[in-house]
Amino acid sequence: MAIPIINDWEKFFDNPHEGLGSSYERIVLNELLLATANKYEARNVLESPSFGFTGISGINLFALADSGLEVTLEDDNPRRLELIRNLWHTMDLSFTARHNPDFRRLDYPDRAFDLSFSFSALWFVPDLKAFLSELSRVTAKAIFISVPRWARFAARSR
């Protein structure tokens, strides 16, 4: 299945109104993330990979950062990380950006994050078993993974 965002993700940083997602999506996702963070009394959160279905990579955790959580984002593309840093700077939000070339290893201590998050990005992970094992290792309280509904049907048809 060809997904245009794979090839033209950079355009969303030039025209942010296109890449913000629907208002409904932003509201629902923010509410779910905030509720999860509150339920598990999270102080910090990791998003890995940060490139998924979102037009503008890096926006999914704005609400958590704004509520005081320490945010770390990982991406495998140095240019995208630069654009994410610029975006967070314009929003006057702080976070840590980390380059991870293949997500096979998450370079953090065990249980380093209270909450870990992935938004429609697992299909960009070359070794899903290794990634999920690492995500479990570095997460102390909760892992929140969003998978597109159509992925369920694609997996069945194989």
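No value in this document is a laboratory result; all are computed from the given coordinates. All values reported here derive from a predicted model rather than from experimental measurement. Don't worry about glycine lacking a Cβ; one is built from the backbone with ideal geometry, like all the others, and counts go over all protein chains shown.
Give the dimensionless ratio obtained when the Cα radius of gyration of region 30-157 is divided by 2.2 N^0.38 Å.
Compactness ratio reported: 1.00.
Would you mind computing, in nm to one decimal, how far apart the modelled labels at SER67 and PHE53 are, each placed 7 Å from Cα along Cα→Cβ?
It is 2.2 nm.
Quick check on region 54-127: take the gyration tensor over C-alpha atoms, sort the square-rooted eigenvalues as a ≥ b ≥ c, and tell me if it's rounded (a/c under 1.5), prolate or oblate. Please report the intermediate quantities before stating the final value.
Details: a/c = 1.67, a/b = 1.22, b/c = 1.36.
Oblate, since a/c reaches 1.5 and b/c is not below a/b.
Going by amide H atoms built from the backbone, whose H comes under 5 Å of the H on SER116, apart from near neighbours?
Under 5 Å from the amide H of SER116: LEU46, ALA142, ILE143, PHE144.
For region 30-36, in order, what is each residue's ³J(HN,Hα) by Karplus, 6.51 cos²θ - 1.76 cosθ + 1.60 with θ = phi - 60°, in whole Hz (x at glycine and Pro)?
Computed from phi, the couplings for region 30-36 are 4, 5, 5, 5, 5, 4, 5 Hz.
Please compute the length gained on full extension between ASP92 and ASP127, using 0.36 nm multiplied by the number of residues separating them and subtracting their Cα-Cα distance.
Contour length minus Cα-Cα distance gives 9.2 nm.
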